[in-house]
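Below you'll find the structure, written out as structure tokens, and then a few comments.
The values are calculated or read from the model by the stated rules, or taken from the named source; none is laboratory data. Since we're looking at a predicted model, the values are computed, not measured. For neighbour counting, all protein chains shown are included, and Cβ atoms are generated from backbone atoms with ideal geometry for every residue, glycine included.
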Amino acid sequence: MSRRGDAPPRGIQRGEAHQPAAFWVGLALGWLLIGIGVWFAIEEVGDAFGAFLVALGAFALVHDGLVLPAALLVSVTVERLAPAPARVPVRLGIALSWVLTLISLPALGRFGAIADNPSVLPVNVGRNLAILVGLIWLGVVAVSVHRMRSTRTENRAT
């Protein structure tokens, strides 16, 4: 990264805006995909598009009002409480645990289960989720301990 007063990157003159072609290609593709998504949403929900927009707005409000502040609180807590070598593994463990839990929610809620057909969702998803999250955190502890020991060894050597 260049600091103020440093020479600009090669090929760029001072004061010249630098916008790589990849930015514009990504922007165009992004808007194209958004347009395709809106088109399919309109096709799928038909006359209920207004209700769809209300639900989409509600999801955005829940995200901005609950999920985002909770994520910020967890991030600040990890930053303050976890030792420096363990911060990255702890953050990865939190992210993996959240993603795994979110992916498992439909099976945990047994959505789609049929009362007279127990073979539709025959697995104890809650137990399996607990095992997987436990394994994730076992790995977090192992990596964190390794990183703290190697940092301590490096500090002794210097």
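For the range 111-145, residues that are surrounded by fewer than 12 Cβ atoms within 10 Å (Cβ to Cβ) and either hydrophobic (A, V, I, L, M, F, W, C) or modelled with pLDDT under 85 (or both) total 16.
Could you check, for the range 91-100, whether at least one of its residues is among the aromatic types (Phe, Trp, Tyr) and not in a helix (DSSP H, G or I)?
Filtering the range 91-100 down to residues among the aromatic types (Phe, Trp, Tyr) leaves 98.
Add one more test, that the residue is not in a helix (DSSP H, G or I), and what stays is none.
Within the range 91-100, none of the residues are among the aromatic types (Phe, Trp, Tyr) and not in a helix (DSSP H, G or I).
Whether a residue is of a type in the set (Val, Ile, Thr) and either closer than 30 Å to GLY139 by Cβ or at pLDDT below 90 (or both) was assessed, and VAL38 passes this test.
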